[in-house]
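Structure, as structure tokens:
The values are calculated or read from the model by the stated rules, or taken from the named source; none is laboratory data. What you see is a predicted model, and the numbers here were worked out from it, not measured in a lab. Every residue, glycine among them, receives a Cβ derived from its backbone with ideal geometry; neighbour counts consider all protein chains shown. Surface areas here come from the heavy atoms of the whole protein model, side chains and all, with no ligands, DNA or RNA. Shrake-Rupley method; radii C 1.70, N 1.55, O 1.52, S 1.80 Å.
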Amino acid sequence: MSKIINVIKGTKDILPQDVAAWHRLEETALEVFTKYGYKEIRTPIFEATELFARGVGDTTDIVNKEMYTFEKSDRSLTLRPENTAGVVRSFIENGMARLSAPVKLWYHGPMFRYERPQAGRQRQFHQVGVEMFGIKQPTADAEVILLAVNYLKALGLNDLLVEINSLGCPTCREAYKKKIKEVLKPEFDNLCEDCQNRYEKNPLRLLDCKVESCKEIFEKPEIKKVIQSDFVCEECAEHFRELKSYLDKMGVKYQENKLLVRGLDYYNRTVFEIKSNNLGSQNAVCGGGRYDSLVRNLGGDDVPAVGWAMGMERLNSLLPAIDMAKLDAYIVSNDSTQAFVLAEELRNAGKIVEFDLSNKKFTKQLEKASKSAKFALILGEDEINNGTVSVKNLETSEQVTVQRDKVLALI
Ligand code: ATP
Ligand code: MG
């Protein structure tokens, strides 16, 4: 016997019994997002490596540690670790800045990150997300957050926690970064290795470190005071106030969290996350924010944008499972031709129908029917001779014999 080849660590098959749950996420997304004017976009799952280096940021964990990068014909290519960069590339390349604003796009599909696999964390995982281009006003931030909340509601998830923060603009953030570095300098040796590496390149990223000893440092009164200080400039503050006022008016409950900075480099002003208490330590289902400089950084015009992505595995783990759909009918017959013809008639009328393809005994066929279908359609010798079908309701065990053309109405 040949050696079995296994699925790669950190990846998973989505098996037939689980697919209905994925359709639920995708169909609900299409339904809800369409109401807000979003159009679906599908970009390739690999792109030039440089797109992510520039688009996600080369001080991020994603770019530094987590990318699946390979060479082909002297080009460096990378499996997408997220889809904002790809969508922005496509937005620029297809001249979407010329369309009247806002341009609203949504996507879903697999993403790839080389991370330590654990509950809620895979190396191939799936995201559903939205991006809105062309609006600098906080109405856009409010609408995308409301959309996230309403998508979750449509899935039946009502009790998730929305956290928001403002990272300010590059100008006001610079002073804040400096202050953070200053106040953390005496603690440098006590920071975790990751934080020590981030200290110079990306000091704000320290704030959402998950390591306990770092979290304790940020709780020290003199450090906490700096972290919690209002550093954003008046324009950024006004943007944030307006966002909150829209959220209040739309009945979206949220908490402000100054430690929320998000992993990606490109965010400015609004960032947000949606969390669940039922997910253990990987508790974020949604992350997003405003990224006004990304389109320009990737070579496009000055186009403001805001968006979010949700982890679909994490969404599914919060939702009840869905049973596999039963067949509408299973045809029980020793005459394959007759069974074929009846099955096709009913399929053409929209029913889900199967019949025995391998000459099994009548009793075996009945067993299969009762396991897999709502109705058994029995085509024995008598029925065939009389042009009838015996229709057995497999839930109630009631059985009636009717003319063939009456079957469809009964199942
Ligand atoms: P985390 O802090 O959990 O690593 P992140 O900031 O890296 O999240 P984003 O890049 O914002 O995550 O992605 C948005 C969402 O995608 C996350 O909130 C999460 O639900 C999901 N997600 C991210 N990485 C993974 C992964 N490796 N496996 C499964 N889901 C993931
Ligand atoms: Mg991550």
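Give the Rg (one decimal place) followed by the Dmax (whole number) of region 263-313, computed from C-alpha coordinates and expressed in Å.
Cα radius of gyration and Dmax of region 263-313 are 13.3, 42 Å respectively.
Along the Cα-to-C-beta direction of Lys361, a point sits 7 Å from the Cα; which residues of region 374-397 have their amide N less than 18 Å from that point?
380-381
Bin by bin, in steps of 5 Å, what percent of the Cα pairs in region 155-241 do you find, going until the bin that has the longest distance?
Bins of 5 Å from zero give 2, 13, 23, 21, 16, 12, 8, 4, 1, 0 percent of pairs.
With the Cα gyration tensor of region 4-73 in hand, convert its eigenvalues to equivalent ellipsoid semi-axes via √(5λ) and list them largest first in whole Å. Intermediate results must be reported in sequence, preceding the final value.
On the way: eigenvalues 162, 104, 27 Å².
Ellipsoid half-lengths, sorted descending, are 28, 23, 12 Å.
Assuming R0 = 35 Å, what is the FRET efficiency of Val7 and Glu31, from their Cβ-Cβ distance, to the nearest 0.05?
On the way: r = 32 Å, r/R0 = 0.91.
After rounding, the FRET efficiency stands at 0.65.
Evaluate the Debye formula for the chain with equal point scatterers sitting on the alpha carbons, no solvent, and hand back log10 of I(q)/I(0) at q = 0.08, 0.10, 0.11 Å⁻¹, in q order, two decimals.
With no solvent term, the Cα-only Debye profile gives -0.58, -0.78, -0.88.
With axes computed from alpha carbons, what is the tilt in degrees of helix 362-372 against the longest principal axis of the chain, rounded to the nearest 10 within 0 to 90?
Its long axis makes an angle of about 30 degrees.
Taking the chain as the reference, fit the longest principal axis to its C-alpha atoms, fit the long axis of helix 170-184 to the helix C-alpha atoms, and give the angle between the two in degrees, 0 to 90, nearest 10.
So the helix axis and the longest Cα principal axis differ by about 80 degrees.
Given +1 on the Cβ of Lys and Arg, -1 on the Cβ of Asp and Glu, and no further charges, what dipole in debye does region 120-248 carry about its Cα centre, rounded to the nearest 20?
On the way: 20 positive and 23 negative charges, 67 e Å.
Rounded to the nearest 20 debye, it is 320 debye.
Can you give the convex hull volume per residue for the Cα atoms of region 323-411, as a whole number of Å³? Could you put the intermediate results ahead of the total?
Details: hull volume 8.1 nm³, N = 89.
Measuring per residue, one finds 91 Å³ for the Cα hull of region 323-411.
Taking 25 °C and 0.890 mPa s as the conditions, I'd like the Stokes-Einstein D for region 243-388 in µm²/s, using the Kirkwood hydrodynamic radius from alpha carbon pairs. Walk me through the intermediate numbers first.
Working: Rh = 20.9 Å.
Approximately 118 µm²/s, per Stokes-Einstein.
Once every DSSP H run of n ≥ 4 in the chain is given -39500 (n - 2.57) and the sum is divided by its residues, what mean residue ellipticity at 222 nm do you get, rounded to the nearest 500 deg cm²/dmol?
Working: 15 runs with 154 residues, N = 411.
Mean residue ellipticity, 222 nm, calculated: -11000 deg cm²/dmol.
What order do you get for 366-376, 34-44, 262-272 when each peptide is scored by the mean count of other beta carbon atoms within 10 Å, highest first? Walk me through the numbers before you get to the answer.
Numbers: 366-376: 18.2, 34-44: 14.0, 262-272: 23.0.
Output ranking for 366-376, 34-44, 262-272: 262-272, 366-376, 34-44.
Calculate, in nm to one decimal, what Lys181 and Gln399 gain on full extension: separation in residues at 0.36 nm each, minus their alpha carbon distance.
70.6 nm
At 0.36 nm per residue, minus the direct Cα-Cα distance, what do Ala119 and Asp382 gain on full extension? Give it in nm, one decimal, please.
Details: separation 263, 0.36 × 263 = 94.68 nm, distance 5.71 nm.
Net length gain for the segment: 89.0 nm.
Within the chain, what whole-number % of the accessible surface is contributed by carbon and sulfur, with the 1.4 Å probe and all protein chains included in the calculation?
On the way: 10940 of 21800 Å².
Ligands and nucleic acids excluded, carbon and sulfur reach 50 percent.
Using only Cα atoms, tell me the angle between helix 234-249 and the longest principal axis of the chain; keep it within 0 to 90° and round to the nearest 10.
So the helix axis and the longest Cα principal axis differ by about 30 degrees.
In Å², what does the accessible area per residue of region 194-342 work out to with a 1.4 Å probe? Please report the intermediate quantities before stating the final value.
Values: 7070 Å² over 149 residues.
Result: 47 Å² of accessible area for each residue.
For the chain, give the magnitude of the charge dipole about the Cα centre (Cβ charges: +1 Lys/Arg, -1 Asp/Glu; no others), in debye to the nearest 20. If you can, show how the numbers build up before the last one.
Working: 58 positive and 60 negative charges, 96 e Å.
Magnitude of the dipole: close to 460 debye.
Taking Lys39 as the anchor, which lysines have their alpha carbon closer than 17 Å to its alpha carbon, excluding any fewer than eight residues away along the same chain?
Lys104
Antiparallel versus total DSSP beta bridges in the chain: what percent is that, nearest 5?
Details: 52 of 65 bridges.
Restricted to the chain, the bridges split so that about 80 percent are antiparallel.
How would you rank 191-197, 72-78, highest first, on the average number of other Cβ atoms within 10 Å across their residues?
Details: 191-197: 15.7, 72-78: 11.3.
So the peptides 191-197, 72-78, ranked by packing, come out 191-197, 72-78.
Between Ser100 and His23, what is the FRET efficiency for a Förster distance of 35 Å, r being their Cβ-Cβ separation, to the nearest 0.05? Each step should come with its number before you reach the end.
Values: r = 33 Å, r/R0 = 0.94.
Using R0 = 35 Å, I get an efficiency of 0.60.
Between Glu219, Glu344, Glu66, which gets the highest mean-square fluctuation from a Gaussian network model of the chain, Cα cutoff 10 Å?
Result: Glu344 has the largest fluctuation of those listed.
Evaluate E = 1/(1 + (r/R0)^6) for Glu242 and Phe188, where r is the Cβ-Cβ distance and R0 equals 56 Å; express this FRET efficiency to the nearest 0.05.
On the way: r = 38 Å, r/R0 = 0.68.
The pair Glu242/Phe188 has a calculated efficiency of 0.90.
Identify, among Leu167, Pro186, Asn197, the residue whose Cα sits farthest towards the positive end of the charge dipole of region 161-231, taking +1 on the Cβ of Lys and Arg and -1 on the Cβ of Asp and Glu, with the dipole about the Cα centre.
Toward the positive end, the furthest listed residue is Leu167.
Quick one: P(r) of region 193-284 from all Cα-Cα pairs, 5 Å bins, percents rounded to integers, in order of increasing distance.
Values per bin, smallest distances first: 2, 10, 17, 23, 21, 15, 8, 2, 0.
Starting from the Cα of Lys179, draw a straight line to each of the aspartates and glutamates and keep only those under 15 Å, dropping any in the same chain fewer than 8 residues away.
Answer for Lys179, where 15 Å is the Cα cut-off: Glu187, Glu200, Glu222, Asp230, listed by chain and number.
Cα-Cα over 20 Å: which of Lys178/Lys244; Lys361/Lys392; Lys253/Lys275; Lys177/Lys258; Lys65/Lys210?
Values: Lys178/Lys244 27 Å; Lys361/Lys392 18 Å; Lys253/Lys275 12 Å; Lys177/Lys258 13 Å; Lys65/Lys210 17 Å.
Distance filter (> 20 Å) returns Lys178/Lys244.
Which of the trypsin sites (Lys or Arg not before Pro) found in region 205-257 are in a DSSP loop and have at most 13 neighbouring Cβ atoms, other than their own, within 10 Å?
Values: sites: Arg205, Lys210, Lys215, Lys224, Lys225, Arg241, Lys244, Lys249, Lys253; in loops: Lys210, Lys253.
Loop-located and lightly packed - Lys210, Lys253.
I need the Debye-formula profile for region 100-192: one equal scatterer per C-alpha, no solvent, reported as log10 I(q)/I(0) at q = 0.17 1/Å, two decimals.
Taking Cα atoms of region 100-192 as identical point scatterers yields -1.10.
So, with +1 on the Cβ of K and R and -1 on the Cβ of D and E, and no other charges, what is the size of the charge dipole of region 287-345 about its Cα centre, to the nearest 20 debye? Don't skip to the end; give the middle numbers.
Working: 4 positive and 9 negative charges, 89 e Å.
Computed about the Cα centre, the dipole is about 420 debye.
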